[in-house]
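Everything on this sheet refers to the single structure shown next.
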Amino acid sequence: MSDLSPSSAALQARVSACFADRGLLADPDHREAVLHTVALLDRGALRVATPNATGEAWTVHAWVKQAILLFFATQELRTTELGPFEFHDKIALKRDWAAAGVRVVPPATARYGSFIESGAVLMPSYVNIGAWVGGGTMVDTWATVGSCAQIGRHVHLSGGVGIGGVLEPPGAAPVIVEDGCFLGSRAIVVEGVHLEREVVLGANVTLTASTPIIDVTGREPITHRGRVPARSVVVPGTRTKEFPAGNFQIACALIIGRRKDSTDQRTSLNQALRDFDVPV
């Protein structure tokens, strides 16, 4: 359809109209708008969320997530066999990894409609539809990148890291991990939490939208929620909370320092791990 481009108002209008009235999926033009949107996601010509020019704010494109939800309705369950493995699903897996310039170690899988930029490495891991993974990023063994999550360039997701996904409601912000971040083993980031550039998360840090992220580097604690400031070094922590039955410790995260601007990214990361004794 020649009138549909990544920035086309017609593309967005047709997807939004179809989301309001799913009967429009029977119309070839509206159905094609949904399929075209997911195809653009798959090749990186469109993203669920995009940063502004300075990278300080991100815009969520709700209509793109609407297209993903509608896409499921256009697909039928089918069985796929690979050696002794059998799958039964609606969404195909990405292909042509050599042409894409991505190293993929068996049995890593990425669903059609996700985008993996050239230079990324997928160890045995999983990337869901709508996600964007930047070049130079390592998705390590058994790490998962949930639907629509935005993972920057030169990020390291260590073994077992869990990045949450979100499709509904369409306007909800996805998890955003900006360039140069390092997430230690079994770290979990969900519910639209935003890691600004070059954040270091120690092993087992869990961040939800309501997790207190407490900066303890100054004279007084400063609490953040849903967002970790750039270059922060974060470890798991607890804080005391009073309940009717008594005082108990509940989970939080502690910002214990900052990566130094005076060193390059890799040296700074290694130095942060040494200086702050961060488990990875």
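When both residues are 6+ apart or on different chains and their Cβ atoms are under 9 Å apart, which pairs have a first residue that lies in the range 224-238 and is in the same structural domain as I250 (by TED's automatic domain parsing), and a second that is acidic (D, E) and in a strand (DSSP E or B)?
Filtered contacts from the range 224-238: H224/D215; P229/D215; S232/D215.
Return yes when V145 is crowded, with 19+ Cβ neighbours inside 10 Å, free of Cβ contacts under 8 Å to residues at least 40 places away in the same chain, more than 22 Å from C252 (Cα to Cα) and not small (G, A, S) and no when it is not.
yes
If you check A53, A49, which single one turns out to be of a type in the set (G, A, S), out of contact with any helix residue (DSSP H, G or I) (no Cβ under 9 Å at 6 or more places or on another chain) and not assigned by TED's automatic domain parsing to the domain that holds V175?
None of the other options fit; the residue is A53.
Could you please let me know if L77 is modelled with pLDDT of 95 or more and in contact with a Cys (Cβ under 7 Å, 6 or more places away or on another chain)?
No.
Looking only at the range 88-104, which residues are loosely packed, with under 13 Cβ neighbours inside 10 Å and either among the acidic types (D, E) or farther than 23 Å from L46 by Cβ (or both)?
Within the range 88-104, H88, D89, D96, A98 meet the criteria.
Output yes when any residue across the range 163-174 is out of contact with any Gly (no Cβ under 8 Å at 6 or more places or on another chain), at pLDDT 95 or above and farther than 23 Å from R274 by Cβ, and no when none is.
No, the conditions are met nowhere in the range 163-174.
Please state which one of T79, T137 is buried (at least 21 other Cβ atoms within 10 Å of the Cβ) and either of a type outside the set (F, W, Y) or over 30 Å from E198 (Cα atoms) (or both). I'd like the intermediate steps shown before the answer.
On the way: T79 fails: buried (at least 21 other Cβ atoms within 10 Å of the Cβ).
Unique residue meeting the criteria: T137.
Consider A99 carefully, then state whether it is more than 15 Å from V48 (Cα to Cα) and at pLDDT 95 or above.
Here the answer is yes, as A99 does meet what is asked.
The values are calculated or read from the model by the stated rules, or taken from the named source; none is laboratory data. Here the structure is a predicted model, which is why all the values come from computation and not from measurement. Cβ sites come from the backbone with ideal geometry, for glycine too, and all protein chains shown count toward neighbours.
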